[in-house]
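The values are calculated or read from the model by the stated rules, or taken from the named source; none is laboratory data. Note that the structure is predicted; figures quoted are calculated from it, not measured. Note: ideal-geometry Cβ built from the backbone for every residue, glycine included; neighbour counts use all protein chains shown. Just so you know, the surface numbers come from the protein's heavy atoms only, side chains and all, with ligands and any DNA or RNA stripped out. Shrake-Rupley method; radii C 1.70, N 1.55, O 1.52, S 1.80 Å.
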Amino acid sequence: MKLSDCYNFSDFRKLAKKKLPSPIFHYIDGAADDEITYRRNTSAFDDVDLVPNVLRGVENVDLSTTIFGKKLDLPFYLAPTALQRLFHYDGERAVGKAAQKFNTMFGVSALATVSVEEISSMIDTPKMFQFYFHKDRGLNDSCLERAKAAKFDVMALTVDTITGGNRERDLRTGFTSPPKLTLSSLFSFATKPMWGINYLTRGKFELPHLQDYVKEGTSTNTSIGNYFSTMLDQSMNWNDAEKLCSQWGGHFALKGVMSVEDAKRAVDIGCTGIMVSNHGGRQLDGSRSPFDQLAEIVDAVGDKLDVICEGGIHRGTHILKALSIGAKACSGGRLYLYALAAAGQAGVERALDQYRKELERDMKLMGCTKISDLNRDNLKFRNK
Amino acid sequence: MNLKDCHNFNDFRKLAKKKLPSPIFHYIDGGADDEITLKRNTSSFDKCDLIPNVLAGVNKPDLSTTIFGRKIDMPIFLSPTAMQRLYDPEGDKASARAAEKFGTMYGMSTMATTSIEEIANVSSGPKLFQLYIHKDKSLTDDLIERCKRANFDGLCLTVDTIVAGNRERDYKTGFTTPPKLTLKSLIEFGIKPKWVLNYFINRKFELANVKHITDKGTNITKSVIDYVNEQYDPQMNWNDAEYCIKKWNGPFALKGVMSVEDAKKAIDIGCTAIIISNHGGRQLDGSISPFDQLKNISDAVGDKLEIILDGGVRRGTHILKAIAAGAKACSFGKMFLFSLAAGGQAGVERALQNIHDELKRNMLLMGCKNLKELNQSKIIYRK
Ligand SMILES: Cc1cc2nc3c(=O)[nH]c(=O)nc-3n(C[C@H](O)[C@H](O)[C@H](O)COP(=O)(O)O)c2cc1C
Ligand SMILES: Cc1cc2nc3c(=O)[nH]c(=O)nc-3n(C[C@H](O)[C@H](O)[C@H](O)COP(=O)(O)O)c2cc1C
């Protein structure tokens with residue numbers, strides 16, 4: 001199997017599985033507890049049917065949308081995800097360049113393995129910095145100032161990781177970052193020699209946004225779950241978010257809002273967007289899927305800030321369904337991460353191109369030429 | 001595989017399967033008929049979504065609740081289950097000690113293999129006694145008196161076992177207590193020599209609470225199914241339940257209530273609690289799952305008695321959903337029985353620790369400071 005055999009989400013996933021040492025594959029692929037929410041994030045789309053209109057003259061389709069004051073050529077963007085150089089040695093460099101090529105937004109995690117400075121010198125496509133609220137206020141200020149200096153367009157504060165989720169696959173594989181070599185992981189790493197060679201020869205693995213603030217050999221050396229539980233400030237509250245929002249002074253979003261009540265409060269503290277998200281099912285299993293919850297939130301705050309539907313997206317039609325309900329855009333992690341692991345920048349570009357083609361084709365089949373043509377009349381809910 | 005590889009229900013179950021002779025494993029694992037209800041008890045939780053609140057500034061969530069007049073440190077306790085010494089040589093003692101360590105309640109079955117008095121000696125933690133009404137009525141008075149003397153906190157009367165359920169796995173494996181050694185079972189027991197050894201070198205196996213009244217207690221040569229059908233009183237009715245309540249004169253529950261109507265009657269006869277349960281899917285297959293029925297019952301009677309949800313609970317989030325729907329606490333059987341079989345007291349402690357950690361983590365992720373904040377506004381049922 002190679003890149004040219006990848007036509008959809010599960011093809012990229014399969015190829016990524018072949019290329020990655022298993023602890024790393026399962027770190028991407030896994031979710032919390034029984035992964036019920038993870039599966040529901042995608043299957044929720046199946047409970048809604050698209051109702052097309054015919055004979056509309058749909059030769060030219062415009063997929064662009066505007067979020068956070070920036071026009072994107074695609075109605076979805078790349079959600080911030082940690083540790084990308086573990087998945088492919090180019091990591092964020094590959095993903096950022098692919099985002100630039102398709103003129104969509106690139107989300108950069110606080111746990112990125114390439115610095116905000118390097119990313120902004122490399123691409124000028126819209127950029128979002130994803131912020132984790134640490135106990136160490138110096139670290140918080142440093143992240144914020146650096147993202148500001150690097151001219152990032154949006155700051156997104158992640159609010160659904162107040163403690164680490166129960167990722168049982170990681171418990172079994174012993175996933176840590178940087179990879180810890182146990183006997184069973186050693187075996188898995190040994191069976192993927194290319195990954196190992198690249199990991200050792202393509203530049204040191206580091207977390208540039210944190211490293212000045214973590215003592216040698218301590219926190220970055222532990223699992224991601226430990227990072228959440230030990231370095232992040234669990235007492236984070238609405239005041240902290242409000243302060244950050246004004247300290248940033250630009251477009252500011254909360255990432256991981258699921259209740260209508262919280263969405264309204266986000267408006268009150270000055271947010272210009274929210275990501276309706278459960279972190280790809282990686283945190284609270286049993287929690288509602290973003291798509292199931294989307295309509296209520298759009299109805300409450302859709303006219304006051306940009307509502308992004310994030311997670312579970314495997315197809316162009318999933319995006320069309322979310323946009324029809326009223327999301328301004330969608331975003332996803334795994335939809336480009338497997339492609340990154342499968343083939344670096346070329347992989348991400350192939351994935352993005354396929355989503356673009358799917359969106360264009362499906363817009364035509366729906367009888368729509370621009371995103372604003374989509375509305376709830378396009379949808380029928382099976383259970384309502 | 002060993003105990004430290006056990007992170008969830010399936011892991012404990014797998015390890016228990018390795019350690020137990022198969023008739024015993026299947027006695028725990030099995031349900032009635034086609035086991036539809038058994039499966040639904042757990043899958044019904046998946047049709048309900050949690051809605052978290054963010055930025056709530058919760059540092060240390062309080063997991064405590066009060067049932068049967070006792071405060072427990074987390075809203076999950078051990079359902080009363082029969083014959084625990086078949087699963088681990090220490091049996092009920094191991095369970096009771098583990099429960100006490102985690103500040104929660106241990107439930108003792110009438111069919112326990114350790115006596116009321118012995119358990120009172122090893123644990124001063126919260127204790128619930130589960131009553132079956134035998135045809136021999138003097139047994140009921142005797143058990144209630146002994147529970148009083150042993151300072152049990154609550155009593156529950158199981159009302160869903162008027163006859164034995166159709167546990168087809170037990171027919172196939174020939175499960176009896178004490179284990180009857182047929183050629184087939186001999187082979188099965190023979191490949192778990194450690195279990196057999198424990199069984200023979202430890203104290204004699206008996207139904208410690210009833211042995212002095214019924215000789216069946218020391219030597220049930222027939223199956224559990226036959227025991228239930230021969231010994232329990234199928235005429236049991238609301239008057240008998242009321243009799244027990246008066247006699248006990250303390251916190252009292254009916255275990256196995258499934259209809260709103262019966263829940264209301266339970267209030268009328270003086271119950272302080274009900275345990276919504278279908279006996280873990282071991283009795284009437286096709287009956288509604290406790291979680292599917294919880295909201296209806298709690299909307300009707302939740303302000304008048306304590307509701308305990310029993311059956312299908314495997315995860316911290318299942319418990320949070322039940323609390324949000326109106327339960328005061330949950331109880332589980334198989335979850336801790338498999339951990340008991342997998343690792344004795346240490347096994348049960350690990351299972352309780354896992355559940356405790358899940359509860360705490362998930363309260364943080366829900367943004368809830370205490371169980372009162374978990375109400376029906378935090379859940380949405382999907383169709
Ligand atoms: C491997 C991986 C790493 C992630 N790292 C982060 C992170 O560092 N910060 C963050 O806010 N979200 C992180 N996320 C969550 C994503 O931003 C996004 O919410 C999620 O991937 C959406 O679900 P999807 O993968 O089904 O599209 C991560 C997700 C994955 C799969
Ligand atoms: C092996 C086993 C033995 C049981 N014995 C009794 C019993 O003696 N008395 C009783 O009221 N319930 C008994 N139960 C039912 C439990 O109290 C409880 O209702 C049931 O296990 C809950 O379902 P769960 O196993 O899915 O948690 C037993 C259950 C099992 C699995």
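Odds and ends about this structure:
- From B:K71, B:K18, B:K4, B:K47, residue being more than 16 Å from ligand 2 (Cβ to nearest atom) and closer than 24 Å to B:F175 by Cα: B:K18
- In the set B:I297, B:I288, B:I307, only one residue is open to solvent by 10 Å² or more (accessible area, probe 1.4 Å), among the β-branched types (V, I, T) and more than 14 Å from chain A (Cβ to nearest Cβ); that residue is B:I288.
- Within the stretch B:62-80, if we keep just the residues that are of a type in the set (S, T, N, Q) and open to solvent by 20 Å² or more (accessible area, probe 1.4 Å), the residue that is farthest from B:S109 (Cα to Cα) turns out to be B:S64.
- Out of A:K357, A:K304, A:K364, A:K328, one residue alone is under 16 Å from the mean Cα position of the chain (by Cα), away from ligand 1 (no atom under 14 Å from the Cβ) and basic (K, R). It is A:K328.
- Criterion (at pLDDT below 95, part of a loop (DSSP other than H, G, I, E, B) and surrounded by fewer than 24 Cβ atoms within 10 Å (Cβ to Cβ)) met by exactly one of A:L111, A:L139, A:L86: A:L111
- Only residues that are buried (at least 24 other Cβ atoms within 10 Å of the Cβ) and under 22 Å from B:L157 (Cβ atoms) were counted in the stretch B:323-348, giving 8.
- Scanning the stretch A:143-172 for residues that are surrounded by fewer than 19 Cβ atoms within 10 Å (Cβ to Cβ) and at pLDDT 95 or above yields A:L144, A:E145, A:R146, A:K148, A:A149, A:A150, A:K151, A:D153.
- Residue within the stretch B:95-104 that is more than 11 Å from ligand 2 (Cβ to nearest atom), more than 17 Å from the chain's Cα centre (by Cα) and surrounded by fewer than 21 Cβ atoms within 10 Å (Cβ to Cβ) present: yes
- Inter-residue pairs, beta-carbon under 8 Å, first away from chain A (no Cβ under 11 Å) and open to solvent by 60 Å² or more (accessible area, probe 1.4 Å) and in the stretch B:349-377, second assigned to a loop (DSSP other than H, G, I, E, B) and of a type in the set (V, I, T), 6+ apart: B:K369/B:V58
- One residue alone among A:L254, A:L294 is open to solvent by less than 20 Å² (accessible area, probe 1.4 Å) and either in a helix (DSSP H, G or I) or away from chain B (no Cβ under 14 Å) (or both), and that residue is A:L294.
- Selection within the stretch B:28-61 - away from chain A (no Cβ under 14 Å), open to solvent by 20 Å² or more (accessible area, probe 1.4 Å) and in contact with a Lys or Arg (Cβ under 8 Å, 6 or more places away or on another chain): B:L38
- Residues that are under 12 Å from B:K19 (Cα atoms) and either free of Cβ contacts under 8 Å to residues at least 12 places away in the same chain or of a type outside the set (D, E, K, R) (or both) within the stretch B:191-210 comprise B:I191, B:P193, B:W195, B:V196, B:N198, listed in sequence order.
- Only one of B:S109, B:S64 that is away from every other protein chain (no Cβ under 14 Å) and over 22 Å from B:G343 (Cβ atoms): B:S64
- Residue check: A:R265 meets all listed conditions (1) without any contact (Cβ under 8 Å) to a residue 40 or more places away in the chain; (2) at the interface with chain B (Cβ under 9 Å from one of its Cβ atoms); (3) in a loop (DSSP other than H, G, I, E, B) but one, namely (3).
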